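So the structure is just underneath, and the comments pick up after that.
Bear in mind that the values in this text are calculations on the coordinates, not laboratory data. No experiment lies behind these values; they were computed from the predicted model shown.
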Amino acid sequence: MKHTVIIVEDEVLARKTLRDMLADADWLEIIGEADDGVAAVELINTRKPDLVFLDINLPELPGLDVLKRLTHEPAVIFTTAHDRHAIAAFELAALDYLLKPFGRARLQRALARAKEALGEAETRPAVAAARAAPGAGDAPLERILIRDGGRIVPVAVRAKAKTFLVNLPLGDFETRLDAPRFVRMHRPHLVNLDFVETIDPFGNSQLRVRMKDGTKITASRTASKRLRALSL
């Protein structure tokens, strides 16, 4: 039995490219295409596909708002040319997030995840999450939905004592986390000050942060200035 899919994309060439690449997936059947958000809502609710490739930046109605108006609940793979939407897509538990232009190899990884998810008798969370979060992408991030095998696990942004791997740039999280509680120490570290034990001088102009678990992180000069300002 084939799973049905709808492509929602406003660019003609991008629709054709995706359609051509999906032709290799013999377990999928494309049953429709839409080039704007309003048309997408009607098409998805009428045809009830198993999977939707949904561009976030659409005329008439943005992709995230499309989800809020759906009565049908398909699995969703977001596509966009702008990585600033990655956190919102991740919060809504989309199956994947494809940054255009993407190639066949990247699409195949997304399709493998989709095939596994569609084979499970579980609720597709993206639509329900969108309805419950009218300000998705705007409010301070309180939790992240982590993929753990075939499961989706909600993790508080203040989680401790466990390591999670998330395939998103740290800068995307920085813009959505509650400042000044979270401070960027330097490129690879974003620290929750609630878990800091001490902040000590290090060198002439930098500070070293000691976390409650014993981890030591040297702040950049810029971050050190920010930490000194916060301590006043």
### Summary
Taking the range 178-230, the whole-percent share of alpha-carbon pairs separated by over 19 angstrom is 14
## Note on the structure
Amide H neighbours of LYS100 at under 5 Å, excluding residues fewer than 5 places away on the same chain, with H built from the backbone geometry, are THR80, ALA81, HIS82
### Task
Report, by chain and number, residues whose modeled amide H sits under 5 Å from the one on ARG184, excluding near sequence neighbours (fewer than 5 apart, same chain).
VAL191
### Query
Leaving out same-chain residues fewer than 8 places away, which lysines sit with a Cα under 19 Å from that of LYS216?
LYS160, LYS162, LYS225
### Query
Of LYS2/LYS48; LYS16/LYS68; LYS48/LYS68, which pairs sit farther than 20 Å apart, going by alpha carbon to alpha carbon?
LYS16/LYS68
### Query
Given H placed 1.01 Å from N in the peptide plane, which residues other than close sequence neighbours of PHE202 have an amide H under 5 Å from its amide H?
LEU207, ARG208
